[in-house]
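What follows draws every value from the coordinates through simple rules; no lab data is involved. For clarity, every value in this text was computed on a predicted model and none was experimentally measured. All Cβ positions, glycine included, derive from the backbone under ideal geometry; neighbour counts span all protein chains shown.
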Amino acid sequence: MTHSLLLLPGDGIGPEVMAETRRVLAWFTQNRNLAFAVEEDLVGGIAYETHGTPAPDAMMAKALAADAVLFGAVGGPRWDKLPFRDKPEQGLLRLRKDLGLFANLRPALCFEALKDASTLKPEIVAGLDILIVRELTGGVYFGEPRGIETLADGSRRGVDTQVYTSGEIRRIARVAFELARLRGRRVASAEKSNVMHTSVLWREEVQALHDAEFPDVQLTHILADNCAMQLVRNLRQFDVIVTDNLFGDLLSDEAAQLTGSIGMLPSASLGARDAAGRQPALYEPIHGSAPDIAGQGLANPIAGLLSFAMCLRYSFGRAEDAALLERAVERVLAEGYRTADIAQPGMTKLGTAAMTSAILKALDKLAA
Ligand code: IPM
Ligand code: MG
């Protein structure tokens, strides 16, 4: 069976880390009886410069047809002044919206070898294993009306709209409860029901779905601001956190830093499975385009590689291969290899390609 993959390297460090994912992909093709049909296309700022739009229709068509999309990163200071519809980020937002990728899975896992690399004390982050389930196609990112208008007196008014339906809330809560059943059976639902109507609805719908279908999972409700605080105070209380698009954006960056570096964290964005069993999926490192280090061979390829591991697990049903790749990463870290973002005294500092080479070597050993 051949899996079709669309690679979208994008901007900044996106192309560098995607090149490393290609090497690991080739390893799995050669060694693990996997066959991929790989296509590549432009997205984000580079697509804007080449085609005049960050999300060209032809790219979108390929993404819709592929079994899975591997995404690099988009954005950079060069495009900061563009109007919203031309900004590189629109490439990513259109992919999320048009593919219906409503469920964003962001695991924050602290590798034992990196517990000293976090800005938090090692005893706080050791054993950290949290899954943030972020709603990705609704809320204030997409709600209408939105825009900036000039008022009669010449002053300006900006509007974004936070909006959720009960259906949108229940389908993301269902994903969180189902995943919790495969882990620690605990879900914390984060919202601001003390101030926001959407959050009151969120809280009621999550509770109702829990009571009807998931009574075996422990559910707690937590205010999103308190959640942000608890993440740096007592993070072991969390197993799965389910939250909306905006809060999820913030909380997942915070959780990422707990693990030592945002350069370590993968993500999966999944849509609804159709009648034939096909599920739209996009996998991306959450670090973004990091324009300050782009093109220097310094970027950490691990988040991209772990995103490919998630792809193997969720899109291709290859949990064993995913675990193999994750173990190879763990081993290389345990052996003391570090990219600049996770550098520690006494460890061996490697660039992007050398880190991948070390991981490939570890894969060879593990598979032997
Ligand atoms: C993320 C990013 C995106 C978001 C940007 C690039 C649009 O921050 O995936 O977390 O805000 O969702
Ligand atoms: Mg973000």
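When the convex hull of the C-alpha atoms of segment 234-332 is computed, what volume per residue in Å³ does it have?
Values: hull volume 14.4 nm³, N = 99.
Convex hull of Cα atoms, per residue: 146 Å³.
Around A180, what is the net charge, scoring Lys/Arg as +1 and Asp/Glu as -1 over all other residues with Cβ under 9 Å from its Cβ?
Values: positive: R181, R183, R185, R186; negative: E178, D239.
Local charge sum for A180: +2.
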| query | Cα convex hull of the chain: mean projected area in nm², to one decimal? | reply | 19.7 nm²
| message | Taking just the alpha carbons, could you work out the radius of gyration and Dmax for segment 317-364, both in angstroms? | response | 11.4, 39
| remark: Treating only Lys and Arg (+1) and Asp and Glu (-1) as charged, each at its beta carbon, one finds that segment 265-368 has a dipole about its Cα centre, in Debye to the nearest 20, of 160 debye
| task | Could you compute the FRET efficiency for K361 and A35, with r as their C-beta to C-beta distance and R0 at 30 Å, rounded to 0.05? | result | 0.80
| remark: Looking only at lysines whose Cα falls under 27 Å of K349's and that sit 8 or more positions away or on another chain, we get K115, K121, K361, K365
| request: Distance from a point 7 Å along Cα→Cβ of R85 to each backbone N in segment 151-181: keep the residues under 19 Å and list them by number. | output: 159-161
| note | The simple spin-label model distance between E320 and Q296, using points 7 Å out along Cα→Cβ, in nm, is 4.2 nm
| Intensity falloff of segment 1-130 expressed as log10 I(q)/I(0), Debye formula with alpha-carbon point scatterers, at q = 0.17 Å⁻¹ | -0.98
| field | Eligible lysines near K81 by straight Cα distance, threshold 30 Å, same-chain separation 8 or greater | value | K62, K97
| remark: For R278 and N226, extending 7 Å from Cα along the Cα-Cβ vector and measuring point to point gives, in nm, a value of 4.5 nm
| note | Quick calc, the chain, dipole around Cα centre from Cβ unit charges on Lys, Arg (+) and Asp, Glu (-), nearest 20 debye, gives 540 debye
| note | One would report the Cα pair-distance distribution of segment 106-264, bin width 10 Å, in %, as 11, 37, 30, 16, 5, 1
| Full-extension gain in nm, D160 to A354, via 0.36 nm per residue minus C-alpha separation | 65.4 nm
